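The values are calculated or read from the model by the stated rules, or taken from the named source; none is laboratory data. Small disclaimer: the values here were computed from a predicted structure and weren't measured. Note: ideal-geometry Cβ built from the backbone for every residue, glycine included; neighbour counts use all protein chains shown. Note: accessible area is taken over every heavy atom of the protein model, side chains too, but ligands, DNA and RNA are not part of it. Shrake-Rupley method; radii C 1.70, N 1.55, O 1.52, S 1.80 Å.
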Amino acid sequence: MNTLIKNGQLLTNEGELKTANIYIESGKIIEIGEGLARDAEEIIDAEGLLVAPGFLDLHIHLREPGGEKKETIATGTAAAAKGGFTTVAAMPNTRPVPDTKEQLDWLNKRIEETASVKVLPYASITIRELGEELTDFQSLKEAGAFAFTDDGVGVQSAAMMLHAMKKAAQLDMAIVAHCEENTLINKGAVHEGDFSEKNGLNGIPSVCESVHIARDVLLAEAANCHYHVCHISTKESVRVVRDAKRAGIKVTAEVTPHHLLLCEEDIPGLDANYKMNPPLRGAADRAALIEGILDGTIDFIATDHAPHTAEEKAEGMQLAPFGIVGLETAFPLLYTHFVEKGIFSLKQLIDFLTVKPAKSFNLASGKLEIGAAADIVLLDLNHSEKISPEQFLSKGKNTPFAGWECKGWPVLTIVNGKIAWSKESVTA
């Protein structure tokens, strides 16, 4: 199959827009040119649309195996394609956990059979994510593990984490950390702050996160390991990562759209669609996250897409599980509230979702250039519509952004030269 995308708007390295055509053959970008004319079996007219590299989301939950009521590899990757994501990395807090070669082999086979975008599977740091015994990193790497993480829980033992980092460093692999000190969680449901006090809820203090990051960056320095911080949420955490980078420690960090957009002051009441882990912090934390991603302390944006059933979320703020969905709303939310308001440039936002995550983990993805995989998203920056969970392809409808009016919606997503999702027919 060969494809010609014509009349699209492409971003230059300087952040300017230019009109160009893209010729795709055998899943690769073969040619890009302003007056490019090639015979093609498939022609896509992208007039009036931004043509960008497919987005990468290196932190999502597909729930399969074990949580198929919440999400499956098929439904989660369909949601990813609809959101413009062509590569996602799936967290290992499933049942069973991908903590052996056999489990990871099963998962990769299931991905091959049912995924509509590229899926990079994480393997766990410890067996069953219990923090008691390390997995066999060598065999898991050979089976295709993307990186190692116990996401969902923090590794509580410093000795265990140092041992893990040394093993990962020997294999040139990353340790990816959900940073949470269990002795400081306090059975909390929300951030320890004004909202928790006003509503009589147990709160999770900021130091619960930042103390683990402070510990881990020093361990990473000792082990000479690439250490990555998941869903950073506090101003203290940003400061620790900034200081660690200045010290030459190999640390990267991600931030979610919801932590950039919301703080505890925005929670309207005891609505569990505003319950996530880490929780929405204070206004000063949100400001520090924005500053951190703009100055390079935080490397990229990841959604932490975490689907749950409506019944689970109906249990209320104290009892409902943590997490919200994010794959299908990330770009429109960020474009509307950061690019349209002049906080990010369009190029910065695209980079936060493409080249920056790719660079952080040495991936070949996230580029719109000759020879690259034809992983592409077409975006309508002018179309405005309200976020409607009923329209989601994800099984999870748990979002605090229902009803928000946004611009910048994906129209078509291409993975390896093939259409993975299309809003409507744009082929000639």
For 362-369, 383-390, ranked highest to lowest by mean beta-carbon neighbours within 10 Å, the order is 362-369, 383-390
Checking rank on 286-295, 51-60, 231-240, with mean other Cβ inside 10 Å and highest first, the result is 51-60, 231-240, 286-295
Using a 1.4 Å probe on heavy atoms of the protein chains only, the accessible area for ASP285 in Å², nearest 10, reads 10
Links exceeding 21 Å between C-alpha atoms in this model, out of LYS6/LYS356; LYS245/LYS356; LYS28/LYS423, come to LYS6/LYS356; LYS28/LYS423
Within the set GLU142, GLU405, GLU68, GNM on the chain using Cα springs under 10 Å gives the largest fluctuation to GLU142
Expressed as a percent, the accessible surface of the chain that is carbon or sulfur, using a 1.4 Å probe and the full set of protein chains, is 48
In terms of the alpha carbon gyration tensor, root eigenvalues a ≥ b ≥ c, rounded if a/c is under 1.5 and otherwise prolate when a/b exceeds b/c or oblate, segment 80-225 is oblate
Counting sequence-distant residues (5 or more places) and residues on other chains, those with an amide H built under 5 Å from that of LEU280 are HIS191
Of the residues THR329, THR399, HIS178, the Cα lying farthest along the dipole of the chain towards its positive end, which is defined by charges on the beta carbon of Lys, Arg, Asp and Glu, belongs to HIS178
For GLU424 the rounded accessible area (nearest 10 Å², probe 1.4 Å, non-protein molecules ignored) is 110
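To the nearest 20 debye, what charge dipole does the chain have about its Cα centre, counting +1 at the Cβ of each Lys and Arg and -1 at the Cβ of each Asp and Glu?
On the way: 41 positive and 60 negative charges, 67 e Å.
I would put it at about 320 debye.
For the pairs LYS118/LYS359; LYS141/LYS167; LYS359/LYS397, flag any whose C-alpha to C-alpha distance is greater than 20 Å. Write down the numbers at each step before the final one.
On the way: LYS118/LYS359 17 Å; LYS141/LYS167 11 Å; LYS359/LYS397 31 Å.
Going by Cα-Cα distance, LYS359/LYS397 fall outside the 20 Å limit.
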The distance between the Cα centres of segment 237-315 and segment 167-189, in whole Å, is 16
Reduced to Cα centres, the span from segment 373-428 to segment 1-23 in Å works out to 19
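Does segment 39-107 come out rounded, prolate or oblate by the C-alpha gyration tensor, with a ≥ b ≥ c the root eigenvalues, rounded set by a/c under 1.5 and, if not, prolate when a/b is larger than b/c and oblate if not?
Details: a/c = 2.84, a/b = 2.50, b/c = 1.14.
Verdict is prolate for segment 39-107.
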The chain, Gaussian network, Cα under 10 Å: of PRO268, PRO205, PRO357, the residue fluctuating most is PRO268
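So with the 1.4 Å probe, I'd like the accessible area per residue for the chain, rounded to whole Å². Can you show the working numbers first?
Details: 16820 Å² over 428 residues.
Each residue of the chain exposes 39 Å² on average to a 1.4 Å probe.
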Among (1) 145; (2) 128; (3) 183, the value of volume of the Cα convex hull per residue in Å³ computed for this structure carries the label (2)
Among trypsin sites (Lys or Arg not before Pro) in segment 45-118, those in a DSSP loop whose Cβ has at most 16 other Cβ atoms within 10 Å are LYS69
Semi-axes a, b, c in Å (a largest) for segment 237-391, each sqrt of 5 times a Cα gyration tensor eigenvalue, come to 27, 21, 16
The relative contact order of the chain, taking Cα pairs under 8 Å that sit 6 or more residues apart, comes to a percentage of 20
Amide H contacts under 5 Å for LYS28, restricted to residues at least 5 apart in sequence or on another chain and with H modeled in the peptide plane, are ALA374
